Amino acid sequence: MSGREVLQVEELTRSFGGFAAVADLSFHVEEGEILGLVGPNGAGKTTTFNVVTGFLKPSGGKVRFRGEDVTGLAPHALARRGMVRTFQHTRVFSDLSVADNIRVAGHLRERGGIWRSVFGSPGNERSAVQGRVREILERVGLGALAGNRAGSLAYGEQRILEIALALAAQPQLLLLDEPFAGMNESESSAAMDLIHRIRDDGVTVLVIDHHMQTMARGCDRLVVMDHGLKLAEGRPADVVNEPAVVEAYLGAGSDVTAPATVAQAEAVLDVSELDVRYDRVRALRGTSLTVRRGEIVALVGANGAGKTTLLRAVSGLVPVTGGRIELLGRNLAGVSPVARVRGGLAHCPEGREIFPRMTVLENLLLGAADREPDASASELEHVFRLFPRLEERTSQFAGSLSGGEQQMLAIGRAVMSRPKLLLLDEPTLGLSPLLAREVAETLVRLNAGGLSVLLVEQNAVLALAIAHRAYVIENGRIALAGPAAELRNDESVKRVYLGA
Amino acid sequence: MRAASRAEGRLGSAERGGADLARTRLTWVLGLAVAALAIAAPHVFTSIAARHLLVLIGINIVLVASLDLLIGGAGLLSLGHAAFMGVGAYASALLVKAGQPFAVGLGAGLLAGALAGLLVGLPALRLKGHYFSVVTFIVGIIITILMTNLVDLTRGPMGLTGIPFAKVDLFGWHHTFKTIVFKVGYYYLVLAFAALVLLLRWRLGRSRFGRALTAVKGDENLAESVGIATYRVKLTAFTVAAAIAGLAGSLYAHYTAFISPDSFTFVHSFDLFVMNLLGGAGTVAGPIIGPVFLTALSSGLKGLSPALAHVVHGTVLILVIVALPTGIAGGVKRAAEALRGRRR
Amino acid sequence: MALQLALNALHSSSLYALVALGLTLILGVLDIADFAQGAIYMLGAYTAYFATSLFGVPFFLALPIAMVIGALLAAGNYLVVYRPLRRFSGATTFIAALGLLLILQNLALQFFGADFRLVKAPFANVRLNVFGATWTGYQMFIAFAVTVLVIGSWAFLKFTPVGMALRAVSQNRRGALVVGLDPFKVELVAFLLAGALAGAAGTLASGVNAFDPSIAAIVVIKAFAIVIFGGMGSVPGAIVGALIVGLAENLTAGLVNTQYAELTAFVLMILVLLVRPRGLFGPPEAKL
């Protein structure tokens, strides 16, 4: 490594409303290295990426590329200077052939504006361009698929094509946004090999992902983020064992009150052999899981493992391609999301999904839209007992609440319909440890009142502390199941998150 | 399994090579046939009414081919195209009435269209999706209001009468196109421009600029990230399309010898849009099929009142959107691919 | 003079406000630019004309009739055209909306003719002198009726469960789904309400402005310019936008030139697009 700094990020800050997604972040990328930016979901990695590559304006701080201040330049201007990125969700020009994708992305390599387009002679350049296209495709191993429509490629191949697109723009610094998301182990290690080959060809690489396993193995250095702040920086082997990093990934809070044990009861939710596909990705493959009455069941697993998809399938927000879901003994096939809510299901989704320009009271009342007015009055009392802070803010717009209060509102709104089963997706995401614990304690209290809960949670330690039983999901399949108390001490849970 | 799919891919591209050659040959044959038909048309349809329709089809081809640069090329659903035609028509008519030669009028139409396109594109292209369509639609109407209100310049709703016929003075050959009765000559003039614009559209589609447009249409963020200045590319396309529409306006003004704001209303913009979608946006044949089909349709509806003709137009439009989202040319292409697929 | 202009502005503003309010509701809930609302306005005016002149129905009765017809027509458009098209992009539905506008406007031209009509307005002879400016009885009636309709709509959106559901869907569709709100019901209500408002606006306008079928396009374009100006999907944006545009229009007419008054709304729209593309009251842009 020459030690020359290609990219310098200095005290970068980006806020949304009052919430700082990235706060005072500084790091640099050295020429010829592969730097990994890692951190749990919601840590601010993608926001950092979007600011660095010009898709978002920073609220403060500077970005320097090869010593030049490039803060706030448009993405295409940065690409021209040699900084090219990929996207979190696969983006290729799906209606074009693979070769044409590369040609389009080779825009910067070709010369001429509209005049040359009309009057220039296409013949001379054509063969040169075709040669370049072939060269790039061979380099990434897609040469045989040049004539195929990009949209028809397998998912893993599309992700590789995406990298090839970026390469066609001839970057000096390549920024990869979650290149391993949705890949299985052999696919992601092949992708990492490709990234190494790209580096060996002289391209500096900055990659973000939460696949700690792959990242730790493949990157030269890691920068770890959590809550918008830099947590650690250094060689992967050192970073992975830092207590702060372990806590960021697995969470803290094992000292919360454990729930009372429950007797074996009938199933509230029974999911069997569930299959869900998004386009070409199989998000769930034959997943089965049960929640019994009075239980808190935790569903843990790495990002992209299929946790959120499972909850969405249960509440009817994504179509199911196979398998069966039963709620209180009733088959949910063909039942609309609205009818599922009436049937006793409440879904408190990731990202909270509150109504920002309505008051706290209105948000709560909408949660009980189908109930009698006097019944919702008693529910309101119940919610305010759980979250006294909401009662102080009834006439405030929900959008003006703090992150923790919004989460409370989302949970409160969900229990307004007096559900039998609560699906809870990442309730502590972005919350401070103190608030996360408060949320957890509230869940235990709700559960003591008879509510069954299916909990998806990044903070595995916390989730396993309050759950009765837990499932570990990996690549859309249940890898492990059992009483939460046993899984708490199981090394394989740590492996799923940290790969250590 | 992976190896099998790769082998299939390679096989696919080899077969595609053969199919490409056959298709190129077919394209040439079809192209020549269409050209021959276009040249023979005024001698097959000899009535004045039919020849009038032929000239209008030619002008509409120029307009739709330029609109297709936006719709088929960049996915920009512009709904104010007739207004740019109007700007070009007025610019040309006024200059030639003031004594300038026809060629200057044509050039002025082109420039005026380009200028108007630039001015409209600057704010409108800041919007995404259908908000862009809505704004082009509204701005198109503003332009017709201006034509009506700038009475000193345009004579308002009365329109401009007595616009001089096109005079060509080329290497000692003089000709005045007295288009009220003699339409064939002017038809060939329009046809030449139509061929030129179609060629231009085709060249642009296969150029670096055209690929940048395709990228914008496919995914604007991705296009930005590989270094395409999307706003500038869109603005260039919008300006070029408006310039060609201005040229078409000039051709129209010196053909009818009379223009008024009524000739360039949103209904005409809308018709052009339908022609583009109906023919097939982003296809080579689309800008020919659409105008021929729809101009013939509206002449077939001449028996009806103009109001009912518009009702039919609106209905056709909605049906096209629902049943044939890729237009006639796109539909034929898909059907052919489906047939080939079955044979394989 | 200024007061007279302001009084005149009030009635044009209030009529724009009704159409803009309906447009912005539909835009918020469904993201459809429903230009067919212009045709509903026009049919509202013809309803008043035929009801009063052919059937001798009193004007005050024609107003609710026009509202019912407008509501039904808008809901019909939704069920027959927009709902089947919902899997397509916003641009497709917009084009379908223009198609509907074209069809309805030309059907009216075919059956009602191109003659300008004016409905004999009630309270035509009542005149009120306000500090030297005249306010006619009918203008007062328009101001009153529109105030009632706007406040009624606001109360409906603010206090009824359906109104709350409507706002919820327009703010966060997924959030609305997970709490069990039925989007179909909400969408239908948005169209019914917008149609009733457009019908009422047409009826009220028929007594002051002579109209022919082409009024459909003219009105909806101006109302949409107001919606963009005020902020797409924003209810206060539609009302405040209409007030500003109406005032600016009448000031231009009074102080500059009547011909350019027509352009005021569009100039304001373009200015706002250049300076603040989300409009006066529009929600901030979503992040990537």
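Using only Cα atoms, figure out Rg for chain B and give it as a multiple of 2.2 N^0.38 Å.
Normalised Cα radius of gyration, chain B: 1.05.
Starting with the fewest neighbours, write out A:Phe87, C:Phe229 ranked by other beta-carbon atoms found within 10 Å of each beta-carbon.
If I rank by nearby Cβ atoms, fewest first, I get A:Phe87, C:Phe229.
With point charges of +1 on the Cβ of Lys and Arg and -1 on the Cβ of Asp and Glu, referenced to the Cα centre of chain B, which listed residue (B:Pro261, B:Ile143, B:Leu199) lies farthest in the positive direction of the dipole?
B:Leu199
Where nothing but the Cβ of Lys and Arg (+1) and of Asp and Glu (-1) is charged, how large is the charge dipole of segment A:5-250 around its Cα centre, in debye to the nearest 20?
1040
Take every Cα pair under 8 Å in chain A that's 6+ residues apart, average their separations, divide by the length, and report that relative contact order as a whole percent.
16
Tell me the mean residue ellipticity at 222 nm calculated for chain A from its helices only (DSSP H runs of n ≥ 4, each -39500 (n - 2.57), averaged over every residue, nearest 500).
-11000 deg cm²/dmol
For chain C, calculate the relative contact order in percent as a whole number, restricting contacts to Cα pairs under 8 Å that are 6 or more residues apart.
35
I'd like the mean, over residues of C:78-85, of how many other protein chain beta carbons sit within 10 Å of each residue's own Cβ.
The per-residue average across the peptide is 1.
Apply the a/c threshold of 1.5 to the C-alpha gyration tensor of segment B:149-218 and tell me whether it is rounded, prolate or oblate.
It is oblate, given that a/c is not under 1.5 and a/b is not larger than b/c.
5 Å is the cut-off here: which amide hydrogens, built 1.01 Å from N in the peptide plane, fall below it relative to A:Gly323, excluding neighbours closer than 5 in sequence?
A:Asp275
List the longest stretch of chain C that has no exposed loop site; here a site is one of the trypsin sites (Lys or Arg not before Pro) assigned by DSSP to anything other than H, G, I, E or B, with at most 14 other Cβ within 10 Å.
The longest such stretch corresponds to C:121-286.
Each residue of segment B:273-289 in order: what ³J(HN,Hα) in whole Hz does its phi give by Karplus 6.51 cos²θ - 1.76 cosθ + 1.60, θ = phi - 60°, with x for Gly and Pro?
Taking θ as phi minus 60°, the curve returns 4, 4, 4, 5, 5, 5, x, x, 6, x, 10, 6, 7, x, x, 8, 4 Hz for segment B:273-289.
With unit charges on the beta carbons (Lys and Arg positive, Asp and Glu negative) and the dipole taken about the Cα centre of chain C, which residue among C:Ala253, C:Pro213, C:His11 sits farthest to the positive side?
Farthest towards the positive end: C:His11.
Hey, can you grab everything whose amide H is under 5 Å from the amide H of A:Val318? Only 5+ residues off in sequence or another chain; H modelled, so Pro and N-termini drop out.
Correct list: A:Ala313.
Considering only DSSP states other than H, G, I, E and B, which trypsin sites (Lys or Arg not before Pro) in segment A:1-90 qualify as loop sites with at most 14 other Cβ atoms within 10 Å?
Taking segment A:1-90 and a limit of 14 other Cβ atoms within 10 Å, the loop trypsin sites (Lys or Arg not before Pro) found are A:Arg4.
Return a whole-number percent for the relative contact order of segment A:5-250, with Cα pairs under 8 Å and 6 or more residues apart as the contact set.
29
Skipping prolines and chain starts, which residues have an amide H placed within reach, meaning under 5 Å, of the one on A:Glu233, given they are 5 or more residues away or on another chain?
A:Val224
Within 10 Å of each residue's Cβ, count the other Cβ atoms and sort C:Met269, B:Met158 from fewest upward.
Starting with the residue having the fewest Cβ neighbours, the order is B:Met158, C:Met269.
Compute the distance from the alpha-carbon center of segment B:132-147 to that of segment B:245-310, in whole Å.
18
Please average, across the residues of B:309-319, the number of beta carbons from any other chain that are within 10 Å of each residue's own beta carbon, and give a whole number.
Going residue by residue through B:309-319 and averaging, the value is 5.
Who wins for biggest fluctuation among C:Ile244, C:Ile26, C:Ile218 in a Gaussian network model of chain C, springs between alpha carbons below 10 Å?
It is C:Ile218.
Would you work out the charge dipole size for segment C:72-167 about its Cα centre, treating the Cβ of every Lys and Arg as +1 and the Cβ of every Asp and Glu as -1, and quote it to the nearest 20 debye?
I would put it at about 260 debye.
Please go through segment B:39-136 and write out the chymotrypsin sites (Phe, Trp or Tyr not before Pro) that DSSP classes as loop and that have at most 15 other C-beta atoms within 10 Å.
For chymotrypsin sites (Phe, Trp or Tyr not before Pro) across segment B:39-136 that sit outside H, G, I, E and B with at most 15 neighbouring Cβ atoms in 10 Å, the list reads B:Phe45.
What are the ³J(HN,Hα) values, in whole Hz, obtained from phi via the Karplus relation 6.51 cos²θ - 1.76 cosθ + 1.60 with θ = phi - 60°, for each residue of segment A:45-50 in sequence order, with x given for Gly and Pro?
5, 5, 4, 4, 4, 5
What FRET efficiency, computed as 1/(1 + (r/R0)^6) with R0 = 41 Å and r the Cβ-Cβ distance, is obtained for A:Ala265 and A:Ser15, rounded to the nearest 0.05?
Rounded to the nearest 0.05, the efficiency is 0.30.
Could you line up B:Leu160, C:Leu274 from fewest to most neighbouring Cβ atoms inside 10 Å?
Ascending Cβ contact count within 10 Å gives the list C:Leu274, B:Leu160.
Choose one answer from C:Leu268, C:Leu30, C:Leu61: the residue with the largest mean-square fluctuation in a GNM of chain C with alpha-carbon springs under 10 Å.
Its mean-square fluctuation being the largest, the pick is C:Leu61.
Can you list the HN-Hα couplings for segment A:441-458, worked out from phi with the Karplus curve (6.51, -1.76, 1.60; θ = phi - 60°), rounded to whole Hz and with x for Gly and Pro?
Karplus values, whole Hz, x for Gly and Pro: 4, 4, 4, 4, 5, 4, 5, 4, x, x, 7, 8, 10, 10, 10, 9, 8, 5.
Once both axes come from the Cα atoms, what is the angle between helix A:122-140 and the longest principal axis of chain A, in degrees from 0 to 90, rounded to 10?
50
Can you tell me the dipole magnitude for chain B around its Cα centre, using point charges on the Cβ only (Lys, Arg +1; Asp, Glu -1), in Debye to the nearest 20?
For chain B, the charge dipole is close to 1120 debye.
Chymotrypsin sites (Phe, Trp or Tyr not before Pro), restricted to segment B:156-195: which are DSSP loop and have at most 15 other Cβ atoms within 10 Å?
Those satisfying the criteria are B:Phe171, B:Phe182.
For peptide B:134-146, how many partner chain Cβ atoms fall within 10 Å of a residue's Cβ, on average?
Whole-number average of other-chain Cβ neighbours for B:134-146 is 5.
At a 10 angstrom cut-off on C-beta neighbours, averaged per residue, how do the peptides C:132-140, C:92-100, B:35-43 rank from highest to lowest?
C:92-100, C:132-140, B:35-43
In a GNM of chain C with a 10 Å cut-off on Cα contacts, which of C:Val240, C:Val81, C:Val68 has the highest mean-square fluctuation?
Ranking C:Val240, C:Val81, C:Val68 by mean-square fluctuation puts C:Val81 first.
For the protein assembly as shown, what mean projected area does the convex hull of the alpha carbons give, in nm²?
48.9
Any read-out appearing in this document is the output of simple, stated calculations on the displayed coordinates, not a laboratory observation. Predicted model only: the values in this text are computed from it and were never measured. Heads up, the Cβs are rebuilt from the backbone with ideal geometry, glycines too, and the neighbour counts pull from every protein chain shown.
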